[in-house]
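Chemist: Have a look at this one.
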Amino acid sequence: MSKKLLLKNDHIPNINQLAVYRQHGGYAVLENTLKNSNPENVLEEVKKSGLRGRGGAGFPTGLKWSFLARPEGVSRYLVCNADESEPGTFKDRYLMERIPHLLIEGMILSSFALGAKTSYIYIRGEYFYVARILEVAIAEAYAAGLLGKNIMGSGFDHDCYVQVGAGAYICGEETALLESLEGKRGNPRIKPPFPAVAGLYGCPTVVNNVETIAAVVPILELGGDEYAKIGIGKSTGTKLISASGHINKPGVYEIELGLPVEEFIYSEQYCGGIRGGRKLKAVVAGGSSVPILPTELILKTANGEPRLMSYESLGDGGFASGTMLGSGGFIVMDEDTSIVKNLYTFARFYHHESCGQCSPCREGTGWMEKIIHKILDGHGTMQDIDLLWDIQSKIEGKTICPLGEAAAWPVAAAIRHFRSEFESYVQNPENIKDIKHYYRLQN
Amino acid sequence: MPLVTIDDIPVEVPEGTTILEAARMIGGDIVPPAMCFHSKLKTSGGYCRTCIVKVEQGSAKDPRPMPKPVASCRTTVMDGMVVRNITSPENLEARAGVVEMLLINHPLDCPVCDQAGECHLQDLGYEHGKEATRYEFARREFEPTDIGDKIKLHMNRCILCYRCVKVADQITDGRCHGIINRGEVAEISTYIEKAIDNDFSGNVIDVCPVGALTDKTFRFKSRVWFTKPVDAHRDCTKCCGNVRLWYQGEEVLRVTARKDQWGEVEDNADGSTAWICNECRYDKKNTSDWTIEGPSKIDRHSVISANHYETSLRNIKADTLKMMGSVPHGVKVELGTGALDPNNLHK
Ligand SMILES: Cc1cc2nc3c(=O)[nH]c(=O)nc-3n(C[C@H](O)[C@H](O)[C@H](O)COP(=O)(O)O)c2cc1C
Ligand code: SF4
Ligand code: SF4
Ligand code: FES
C-alpha cells in the first residue's frame, strides 16, 4: 500500500523551482483544466473523489464547496489554512517547503472552481521562512502568467497573497483566521453565519487546509472516480502523516488511507519501529487534541480487528475505545513515557492558546493545567483525578469554538485509559522523582 | 410566526427572535441568565455561556436535537423548536459548571465592591451556582487602574463579557478601549495611557454586569441598598436626558442610565436607547438640575428595593424562614414577592 500523489516528486532536486516543477508535469493539470473544463466540472470531480478536509475535521471538500453562496456581484474568496500549530503536526510545512508550486497550482484550480478572483495563504508566524519560499514561488508564477490577469489565455484572472500570522494557535480555527486576516484580534466568530455565507470581509469564503488544496491537483489529474479508488471506503486518497515521538524514523510520510497502524509504526518504509527496540505504550494518532490510545487499542479495535489509518477505523468504538485521524500528527510514546507528564505539556499548551472569549475554556484550561501540575508534583489526591474529569466535561461542548474540546479530550482520554498512572502519582508522593517505576510498562 | 416551546411552555414569536428573547417573552423562572448579552448592543452575547440551553428538537422540519448546548442569546428560534432550560437537570448542571468557572478567579471582594447589590454575578452565583468552590489555587490578579478620570477598572472582577468593548465600538467614536492579551491573562485596556475621552464613555459603567467598571464619583460613598433610585429628566443637548438618580437623603450620589428588568439599558419613548452623556452622569448632581418623575420601578428582586418598599421586611422574614426550613405548613412562601400574609408569620 504505497501510493504517492502529493510527494511523488519530492525526491527531485530543486522541485521547489517553477522550471523543474513544470518539467515534471507541473501546471499541466491547470492548463488542461482552464482550456478544456469549467468550474462546475471541477467541483463535480472533487465531489466524486470523496476528498475530505485534511485540516482535522475531515469534512467532505466537495460538499463544503457546494455550500459556498454565490450571490451576483459579490466577491468570493478561497483561504488556505497554513497555520498548522497543532502539536505533533508538521506535514503542511513539509509540503510547502518542498513543493510550493503544488499548493499554488491547487489554489488556482480550487479558485477556478469556486469563482474566487482572490485567494490568501494564511501561514503561521513561525513559518516565516516557508512564507518566503511561497512568495518566491508566487512571483515565479506571476512572471510565467500562471497568476494575474487572463491566466494561460483562459480569461480567468486570479491573485494569490501570502499573509503571515503572529503566532497564535487559535488563528488556525477558520473564523479566527479570517478575523486575523482582516487585521483584527484573532478571536473565533460566533456561528452562524458560516464562512460559506459570510466569511472574509463578509463575503462568501471557503477555508481549506494546505493538503486539501494540494490534493485537488492529483484529483483532477486522475479524475475524481480514479482518486476515489485509492484508499478505503469513505477514506479516499492519500494522507500526509507527520510521525514523531519514540520511533526510529520520525518524519512526514504519505500513506494510502487504510494502511494498518501496526505496519505504519513497525515497517521500515515508515516509522521503522520503536527506538531502542523498546515497547510501544501509547499513540496520539491525529495531533495533540485527539484522544490518546494505549497499545492494545491503537493496534486493534475493541472488536479485535486491525486498526487502520483511516477516518472510520481510527474512529471505531467512539471515544470509549477509539480516536480520530485528525490532522495526521502521529505521536508515538514508548514504555518509558509518563502519560501524566505528557498530558501536562498538552494542557499547558491549550491553556496558553485559549483566546479567552468563553468562560469554560478561558478558566477551565488553566484550572486543569494547575491540577495536573499538582498531581505531577506529588501533591495530588484521588479527588483531584475526579475533579479533572469533571472539569473537562464542563468544558466539552460548551464553548464557542472546538479549542474547548481540543483541550478537554486529551484529559478525558488520559484518565480513561491510564487512570492507574494518575493514581500512582497520588499514592507515591515520596517517590515522585523515581516515579518511572510506576508508570513503566510491566514485562 | 415560529412557534417555540421552552420548558413545555409554547410561545409564538416573530421571525428572527432568539431563544433568549422568546424566553423573556414568556418570563419567569425559565428565562436563562445572561451575563454578556445586552439587548441594546449589536453582536453582544455568545461569550459567557451562562445562557446555554438544550435544544431537544431543532425545528418541525428537522426534528433532530442539537448535539451540544447552545447559547440561547445567539441562537434564533425555528418553527417547532423544543428547548429545555430549567426542566433539564443536565442543562442546569452544565450551567452550574459555567458559573463555577466564572467564579474561580473572581476575588469575591463583594464587601468592598461598589457593584454589590446590583451585580449580575452575585445573582448568578446565588441562583445557579454551588455553595462552595473546588478551586484551591491562587487567583489571577491585576492592579486596579483608571480609565480616564471618572472610571475605575478592577480587572480582577471582569468576566470578559465584551459589553464595554461593544459600547466603545458602537456608541463612542474613535474607539481606544478594547481587550489586550490572550486567554486567561486577557484584559480590558485603553491604548497605552490613553483614557477614553468621549461624551458617552460613561455608559461602559452601566453595561458592566460586575464591579469591574465603576463610577469614581460614586466610589465608596455608599452601598446601593442605602440609596434610593428616582427617575428624572432634563433637557440635554448631548443625550436623551432620561436618567436614574440615586439619592441618599437629599443628596444625589450617582446618576445612571435607566435599566429594565433584565438590567439592560432601557429604550426611550421614541425607541432609541437611553444612553446618557457624561455631563448628565457626572456633572449634574443637584436636584435642581432635574425634573423629577418619581421613584424608579425596581423589578428585579434585588436588595436595591430593600430599604424603600413596605413589603421588604416581610420578604426578608419569609426568605429567612424559608432558608431555615421552618415555614409553617400550609403557608405559601414566594421568594421576594411579598405574597406572604404577615399574620401567618406569628403562628
Ligand atoms: C483551535 C483550532 C485550530 C485549528 N488549526 C488548524 C490548522 O492549523 N490548520 C488547518 O488546516 N486547520 C485547522 N483547524 C481546522 C479549521 O478550523 C478548519 O476546519 C480547516 O481549516 C478546514 O479545512 P479542511 O476542510 O480542508 O480540513 C483548527 C481548528 C481549531 C478549532
Ligand atoms: S473555546 Fe477557547 S479558544 Fe475557542 S472561542 Fe472559546 S475561549 Fe476562545
Ligand atoms: S469590564 Fe465589565 S463590561 Fe467590560 S468586559 Fe469586563 S465585565 Fe464586561
Ligand atoms: S448571555 Fe448568552 S453567552 Fe453570555
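Here is a yes/no grid of residues against (1) outside any loop (DSSP other than H, G, I, E, B); (2) closer than 29 Å to B:Val31 by Cβ:
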position	(1), (2)
B:Asp123	yes, yes
B:Glu127	yes, yes
B:Glu131	no, yes
B:Glu136	no, no
B:Asn156	yes, yes
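Chemist: Sticking with this one: Among the residues of region A:358-373 satisfying the criterion of being facing chain B (nearest Cβ under 8 Å) and among the charged types (D, E, K, R), which is nearest to A:Pro402 (Cα to Cα)?
Modeler: So, considering only residues that are facing chain B (nearest Cβ under 8 Å) and among the charged types (D, E, K, R), the one nearest to A:Pro402 (Cα to Cα) is A:Arg362.
Chemist: Search region A:342-393 for residues being more than 18 Å from B:Ala96 (Cα to Cα) and among the β-branched types (Val, Ile, Thr), and hand back the single one that is nearest to ligand 4 (Cβ to nearest atom).
Modeler: A:Ile371
Chemist: Quick one: which of A:Thr365, A:Thr399 is more than 13 Å from A:Ile292 (Cβ to Cβ), within 22 Å of the chain's Cα centre (by Cα), assigned to a loop (DSSP other than H, G, I, E, B) and of a type in the set (Val, Ile, Thr)? Write out each step before concluding.
Modeler: Working: A:Thr365 fails: assigned to a loop (DSSP other than H, G, I, E, B).
Result of the check over A:Thr365, A:Thr399: A:Thr399.
Chemist: What residue, among those in region B:178-202 that are within 14 Å of chain A (Cβ to nearest Cβ) and assigned to a loop (DSSP other than H, G, I, E, B), is modelled with the lowest pLDDT?
Modeler: Filtering region B:178-202 for residues that are within 14 Å of chain A (Cβ to nearest Cβ) and assigned to a loop (DSSP other than H, G, I, E, B), the one modelled with the lowest pLDDT comes out as B:Tyr191.
Chemist: So which of A:Asn14, A:Asn81, A:Asn32, A:Asn41 ends up being modelled with pLDDT of 95 or more and part of a loop (DSSP other than H, G, I, E, B)?
Modeler: Details: A:Asn81 fails: part of a loop (DSSP other than H, G, I, E, B); A:Asn32 fails: part of a loop (DSSP other than H, G, I, E, B); A:Asn41 fails: part of a loop (DSSP other than H, G, I, E, B).
Of the residues listed, the single one that is modelled with pLDDT of 95 or more and part of a loop (DSSP other than H, G, I, E, B) is A:Asn14.
Chemist: Could you list, ordered by first residue, the pairs with Cβ atoms under 8 Å in which the first is in region A:377-398 and within 9 Å of chain B (Cβ to nearest Cβ) and the second is polar (S, T, N, Q), at least 6 apart or interchain?
Modeler: A:Ile395/A:Thr365
Chemist: Hey, another quick one. State whether the residues of region A:177-186 include one that is in a loop (DSSP other than H, G, I, E, B), in the same structural domain as A:Met96 (by TED's automatic domain parsing), farther than 17 Å from A:Gly58 by Cβ and within 16 Å of ligand 3 (Cβ to nearest atom). Talk me through it step by step, then tell me what you get.
Modeler: The initial filter retains those residues of region A:177-186 that are in a loop (DSSP other than H, G, I, E, B), namely A:182-186.
Those left that are additionally in the same structural domain as A:Met96 (by TED's automatic domain parsing): A:182-186.
Checking the rest, the ones that are also farther than 17 Å from A:Gly58 by Cβ come to A:182-186.
This time we only want the ones that are within 16 Å of ligand 3 (Cβ to nearest atom), so: A:185.
There is at least one residue in region A:177-186 that is in a loop (DSSP other than H, G, I, E, B), in the same structural domain as A:Met96 (by TED's automatic domain parsing), farther than 17 Å from A:Gly58 by Cβ and within 16 Å of ligand 3 (Cβ to nearest atom).
Chemist: Closer than 16 Å to A:Phe349 by Cβ and surrounded by fewer than 22 Cβ atoms within 10 Å (Cβ to Cβ): which single residue out of A:Leu387, A:Leu376, A:Leu403 fits that description?
Modeler: Details: A:Leu387 fails: closer than 16 Å to A:Phe349 by Cβ; A:Leu403 fails: surrounded by fewer than 22 Cβ atoms within 10 Å (Cβ to Cβ).
That would be A:Leu376, the only listed residue that is closer than 16 Å to A:Phe349 by Cβ and surrounded by fewer than 22 Cβ atoms within 10 Å (Cβ to Cβ).
Chemist: List every residue pair whose Cβ atoms sit under 6 Å apart, with the two residues 6 or more apart in sequence or on different chains, where the first one lies in region A:1-20 and is closer than 15 Å to A:Ile230 by Cα and the second, anywhere, is at pLDDT 95 or above and part of a helix (DSSP H, G or I).
Modeler: Between residues of region A:1-20 that are closer than 15 Å to A:Ile230 by Cα and residues that are at pLDDT 95 or above and part of a helix (DSSP H, G or I), the close pairs are A:Leu5/A:Pro218; A:Leu6/A:Ala214.
Chemist: Another one. Of all residues in region A:315-357, count the ones that are more than 14 Å from chain B (Cβ to nearest Cβ) and part of a loop (DSSP other than H, G, I, E, B).
Modeler: The total comes to 13.
Chemist: I need a count of the residues in region B:132-149 that are more than 14 Å from chain A (Cβ to nearest Cβ) and exposed (fewer than 14 other Cβ atoms within 10 Å of the Cβ).
Modeler: Initially, region B:132-149 is screened for residues more than 14 Å from chain A (Cβ to nearest Cβ), giving B:143-149.
Next cut, exposed (fewer than 14 other Cβ atoms within 10 Å of the Cβ) only: B:143-144, B:146, B:149.
Residues in region B:132-149 being more than 14 Å from chain A (Cβ to nearest Cβ) and exposed (fewer than 14 other Cβ atoms within 10 Å of the Cβ): 4 in total.
Chemist: Which residues, taken from region B:154-187, are away from ligand 2 (no atom under 15 Å from the Cβ) and basic (Lys, Arg)?
Modeler: B:Arg157, B:Arg163, B:Lys166, B:Arg175
Chemist: Quick check, is A:Arg362 within 16 Å of ligand 2 (Cβ to nearest atom), out of contact with any Phe, Trp or Tyr (no Cβ under 8 Å at 6 or more places or on another chain) and more than 14 Å from A:Pro410 (Cα to Cα)?
Modeler: Spelling it out, A:Arg362 is indeed within 16 Å of ligand 2 (Cβ to nearest atom), out of contact with any Phe, Trp or Tyr (no Cβ under 8 Å at 6 or more places or on another chain) and more than 14 Å from A:Pro410 (Cα to Cα).
Chemist: Continuing with this model, one more query. In the set B:Ile159, B:Ile205, which member is within 16 Å of ligand 4 (Cβ to nearest atom), out of contact with any His (no Cβ under 7 Å at 6 or more places or on another chain) and modelled with pLDDT of 95 or more?
Modeler: Only one candidate qualifies: B:Ile159.
Chemist: Those residues that are more than 16 Å from ligand 4 (Cβ to nearest atom), closer than 16 Å to B:Tyr47 by Cβ and under 24 Å from the mean Cα position of the chain (by Cα), I need them from region B:175-185; list them, please.
Modeler: B:Gly178, B:Gly183, B:Glu184
Chemist: What about B:Met35, is it without any contact (Cβ under 8 Å) to a residue 24 or more places away in the chain, within 13 Å of chain A (Cβ to nearest Cβ) and under 20 Å from A:Lys398 (Cα atoms)?
Modeler: Numbers: without any contact (Cβ under 8 Å) to a residue 24 or more places away in the chain: no; within 13 Å of chain A (Cβ to nearest Cβ): yes; under 20 Å from A:Lys398 (Cα atoms): yes.
It is false that B:Met35 is without any contact (Cβ under 8 Å) to a residue 24 or more places away in the chain, within 13 Å of chain A (Cβ to nearest Cβ) and under 20 Å from A:Lys398 (Cα atoms).
Chemist: Name the residue, out of A:Ala228, A:Ala215, A:Ala166, that is over 24 Å from A:Ile138 (Cβ atoms), of a type in the set (Gly, Ala, Ser) and either touching a helix residue (DSSP H, G or I) at 6+ places or on another chain (Cβ under 9 Å) or part of a loop (DSSP other than H, G, I, E, B) (or both).
Modeler: On the way: A:Ala215 fails: over 24 Å from A:Ile138 (Cβ atoms); A:Ala166 fails: over 24 Å from A:Ile138 (Cβ atoms).
The unique qualifying residue is A:Ala228.
Chemist: Okay, next question. Go through A:Leu403, A:Leu376 for me and flag whichever is modelled with pLDDT under 95 and among the hydrophobic types (A, V, I, L, M, F, W, C).
Modeler: After ruling out the rest, the residue left standing is A:Leu376.
Chemist: While we're here: Which of the residues belonging to region A:206-222 are within 11 Å of ligand 1 (Cβ to nearest atom) and not aliphatic (A, V, I, L, M)?
Modeler: Listed by number, the residues that qualify are A:Asn208, A:Asn209, A:Glu211, A:Thr212.
Yes/no per residue for (1) within 30 Å of A:Pro71 (Cβ to Cβ); (2) outside any helix (DSSP H, G or I); (3) of a type outside the set (A, V, I, L, M, F, W, C); (4) modelled with pLDDT of 95 or more:
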{"residue": "A:Arg93", "(1), (2), (3), (4)": "no, no, yes, yes"}
{"residue": "A:Leu109", "(1), (2), (3), (4)": "yes, no, no, yes"}
{"residue": "A:Phe112", "(1), (2), (3), (4)": "yes, no, no, yes"}
{"residue": "A:Leu134", "(1), (2), (3), (4)": "no, no, no, yes"}
{"residue": "A:Tyr142", "(1), (2), (3), (4)": "yes, no, yes, yes"}
{"residue": "A:Met152", "(1), (2), (3), (4)": "yes, no, no, yes"}
{"residue": "A:Gly155", "(1), (2), (3), (4)": "yes, yes, yes, yes"}
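Chemist: Please determine, by comparing only the residues of region B:72-125 that are touching a Cys at 6+ places or on another chain (Cβ under 6 Å) and crowded, with 21+ Cβ neighbours inside 10 Å, which one is nearest to the other protein chains (Cβ to nearest Cβ).
Modeler: Of everything passing the filter in region B:72-125, B:Cys73 is nearest to the other protein chains (Cβ to nearest Cβ).
Chemist: So is B:Lys259 of a type in the set (D, E, K, R) and either under 19 Å from B:Leu41 (Cβ atoms) or buried (at least 21 other Cβ atoms within 10 Å of the Cβ) (or both) or not?
Modeler: yes
Chemist: Test A:Glu430 against the criterion of being surrounded by 17 or more Cβ atoms within 10 Å (Cβ to Cβ) and either modelled with pLDDT under 95 or under 17 Å from A:Ala347 (Cα atoms) (or both), and give yes or no. Full working, then the answer.
Modeler: Working: surrounded by 17 or more Cβ atoms within 10 Å (Cβ to Cβ): no; either modelled with pLDDT under 95 or under 17 Å from A:Ala347 (Cα atoms) (or both): yes.
When the stated conditions are applied, A:Glu430 does not pass them.
Chemist: Under the condition of being more than 14 Å from chain B (Cβ to nearest Cβ) and either β-branched (Val, Ile, Thr) or within 8 Å of ligand 1 (Cβ to nearest atom) (or both), which residue from region A:173-183 is surrounded by the fewest Cβ atoms within 10 Å (Cβ to Cβ)?
Modeler: So, considering only residues that are more than 14 Å from chain B (Cβ to nearest Cβ) and either β-branched (Val, Ile, Thr) or within 8 Å of ligand 1 (Cβ to nearest atom) (or both), the one surrounded by the fewest Cβ atoms within 10 Å (Cβ to Cβ) is A:Glu174.
Chemist: Six or more apart or on different chains, Cβ atoms under 7 Å: show the pairs whose first residue is in region B:41-55 and not assigned by TED's automatic domain parsing to the domain that holds B:Thr87 and away from ligand 3 (no atom under 15 Å from the Cβ) and whose second is modelled with pLDDT under 95 and in a strand (DSSP E or B).
Modeler: Once the first residue is not assigned by TED's automatic domain parsing to the domain that holds B:Thr87 and away from ligand 3 (no atom under 15 Å from the Cβ) and sits in region B:41-55, no partner that is modelled with pLDDT under 95 and in a strand (DSSP E or B) comes close enough.
The values are calculated or read from the model by the stated rules, or taken from the named source; none is laboratory data. This is a predicted model, so every value here is computed, not measured. Ideal geometry is used to build each Cβ from the backbone, glycine not excepted, and the neighbour counts take in all protein chains shown.
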